[in-house]
1. When Lys and Arg each count +1 and Asp and Glu each count -1, what net charge do the other residues less than 13 Å away from Arg53, Cβ to Cβ, add up to?
2. For the stretch 18-86, what size does the Cα cloud have along each of its three principal axes, sorted from largest down, in whole Å?
3. What is the distance, in nm, between label points placed 7 Å from the Cα along the Cα-to-Cβ direction at Arg29 and at His64?
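Throughout, read-outs are computed from the coordinates displayed, never taken from laboratory work. A quick note: this is a predicted structure, and the numbers were derived from the prediction, not measured. Neighbour counts run over all protein chains shown; Cβ positions are idealised from the backbone, glycine included.
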Amino acid sequence: MKATSPSFTNHDEEQIPREDERLINYALRWAPYGGGDEDILPEFGLSPAIYYRRLRSLLQVVDHSRLNVDNLQLLIDLCESKIGNAVDRNTHHLRVGQPVL
């Protein structure tokens, strides 16, 4: 039996754009393998740096009830590790349940 990746889907009237859903699902699928950076440009037309910044911003506003806390933290950690060099380490870091200032 093939294992399935976690996924994020729109289930109610408060839909997020389809492209945002794709960004999240791609990250969920590839996070365990380091992110799948080599396919981000052909898949989304974005550089990996822009992709991870956009994903990080999206994770701040998306309905967190649609992602379990472990997957949410996995994606936040992935974004931090990918763009960490561009972020001042002395600023607030993303953590589940904490806003970014």
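1. Here the charged neighbours net out to +2.
2. So the three principal-axis extents are 30, 28, 21 Å.
3. 2.7
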